[in-house]
Amino acid sequence: MKRYYKVIFLLLLIFLGINCTPTYATSNDISTTRILFIGNSSTYYNQMPLMVEGLAKANNINCEVKSITASSYKLTQFATTGNAYNTEIVNALSKEKWDFVILQEHRENIMGNLEATKNAITNLKSTIDSTGAKTILYETQADYIGNDFIIDGTSIYFDNITLQNYMTKFYFSLGNKFDCKVAPVGVNYTRCMKEYPEINLYNSDMIHPTLEGSYLAACTLFQTIFETSAYNNTFLSGSEFDTSHIIDKLDNDTAKKLQNVADGMITLSTYNVTLKKGEKASVNAKITFTDTNPVMANYSNTITYSSTNESSVGVNSQKGTITAIRNGSSMIKASTDSGLMAFCTVNVVQPSTSLTIKEGSIYLHIKDTAKYTTEIYPTDTTDTITWTSSNPSVVSVDETGTVKAKKIGSAKITAKTDSGIKLTRYVRVKLKTPTSVKAVKTSGSTKSYKYSNVKVTWKKNSSAVKYYIYRRRLGKSKYTKIATTTTNKFINYNVKKGRTYYYKIVAVYSSSLCNSYKSPAAKIKLQ
């Protein structure tokens, strides 16, 4: 009996052992953050994206990176359809899953052709957004000795500090416009050169980054992407996380100093504000850094606010309260004595209160154009008018309110202001007025010698479903419709002689609103 219970007990242990075996996560269970970098040499120098991956892995974040880069390339080139790199980008985005896409622009476009950059980001970001990935802008460092840039056709020299301030402002203007974060690498370059002048961030060409410069960029990008400080991160030379040995030559004490610089971050409560004249709002900045950071301990870290366009937007320098003064835009800069800075875009608008269109319904022929005359109040409104056509294949309308007739039919044209005021007008595209109308005496029997037959002909209109024939006798004021025909000829029988007659033709469409105008008259005098 005892042996029986022993067997039962052993079987129970085996059962429990099988069911209590812990389940370990496989590699497929671990979430991997995938980051795609798009840029030029500021991105690929010293394999900087792999440094971001190393920092992430040292922070227990599973991460994979990929780069699509080309020397001296601008985002406009990456965004051009047919470009080999654009094809690679499109394939990467469509065939692989990404969490973040980092866009880095060439400083020449940032300083001299910001509109081109906006267009490029518009094109790239639409594809990025469709995949669910988030876009981050990589603000690069200014040239160490400054540089000349063509601004509105004039070559202007900017020193390092001035150039970096402009680049930072422009990068934030892009980030704010496209609702994406900015990684302030250039800002941290400036802060590092002040705090640790012994650290050389620039290559011998005074433009590209050294290993140290790339590591600082990687720390800044890591913090922007993961919202986690790189302070005391163990991705250091000789560590288990530097599997590619890309930072073997980076002194660890220097690396920690670079982490100190990147640790300080400033964020804003809002990055875009739209106000009407006279309205107020607040922008609140927040500084984050590790308490033991020796760099940040050297400063009061008081936040100061300023406006780049005080004629349009005023700001309380201590509180960040902004006031809309007049139409226009400005950027509110929040900065600290430690060199941190961020920008909020403020637009001051004046909504429209009324809209009038001078023209009523417009009648056109195919290929004709016409333009609406509008008045919008108040005169200083910032509203624009958006034009749409209910039937663009019949009548198109452009952004200026110019309509073009494309084929026979009708369309409703809508004008709408940004504030929501809406007016509609109709455009009718009519059949062309019949031409080559002729009236001649023709043979045939009549009811007496006092009558004749009149043959009326005109040029055929293939879009007409039928024609109306009108006649007027000399001495009478009105034309009377005397017949309807589906062909381009008509015989008016038994017309009394000794009188003069006038004939007109109307081409008829399926909708009477699109019928042609009456043709010029064909005159005939019957003897």
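The values are calculated or read from the model by the stated rules, or taken from the named source; none is laboratory data. Note that the structure is a prediction, hence the values are computed from the model and not measured. Methodologically, a virtual Cβ is constructed for each residue, glycine included, from the backbone with ideal geometry; neighbour enumeration extends over all protein chains shown.
Looking only at region 453-489, residues that are of a type outside the set (Lys, Arg), under 28 Å from ILE408 (Cβ atoms) and touching a Ser or Thr at 6+ places or on another chain (Cβ under 8 Å) come to 10 in all. Looking only at region 52-76, residues that are in contact with a strand residue (DSSP E or B) (Cβ under 9 Å, 6 or more places away or on another chain) and in contact (Cβ under 8 Å) with a residue 60 or more places away in the chain come to 6 in all. Per the listing ILE199, ILE207, ILE247, ILE225, the residue uniquely surrounded by fewer than 22 Cβ atoms within 10 Å (Cβ to Cβ) and either of a type in the set (Phe, Trp, Tyr) or in contact (Cβ under 8 Å) with a residue 60 or more places away in the chain (or both) is ILE207. Listed conditions (1) under 30 Å from LYS256 (Cβ atoms); (2) assigned to a helix (DSSP H, G or I); (3) free of Cβ contacts under 8 Å to residues at least 40 places away in the same chain are all met by ALA217, apart from (3).
Here is a yes/no grid of residues against (1) surrounded by 15 or more Cβ atoms within 10 Å (Cβ to Cβ); (2) at pLDDT below 95; (3) not assigned by TED's automatic domain parsing to the domain that holds ASN515:
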| residue | (1), (2), (3) |
| --- | --- |
| PRO392 | no, no, yes |
| SER396 | yes, no, yes |
| LYS406 | yes, no, yes |
| ALA415 | yes, no, yes |
| THR442 | no, no, no |
| VAL454 | yes, no, no |
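Checking each residue in region 509-527 for being under 17 Å from ASN492 (Cα atoms) and among the basic types (Lys, Arg) picks out LYS523, LYS525. Number of residues in region 282-313 that are assigned to a strand (DSSP E or B), more than 28 Å from the chain's Cα centre (by Cα) and surrounded by 16 or more Cβ atoms within 10 Å (Cβ to Cβ) equals 3.
The requirement of being over 21 Å from CYS192 (Cα atoms), buried (at least 21 other Cβ atoms within 10 Å of the Cβ) and without any contact (Cβ under 8 Å) to a residue 24 or more places away in the chain is not satisfied by SER317. Say whether the condition of being in a strand (DSSP E or B), among the polar types (S, T, N, Q) and touching a Gly at 6+ places or on another chain (Cβ under 9 Å) is met by at least one residue in region 354-373. Among the residues of region 354-373, not one is in a strand (DSSP E or B), among the polar types (S, T, N, Q) and touching a Gly at 6+ places or on another chain (Cβ under 9 Å), which makes the answer no.
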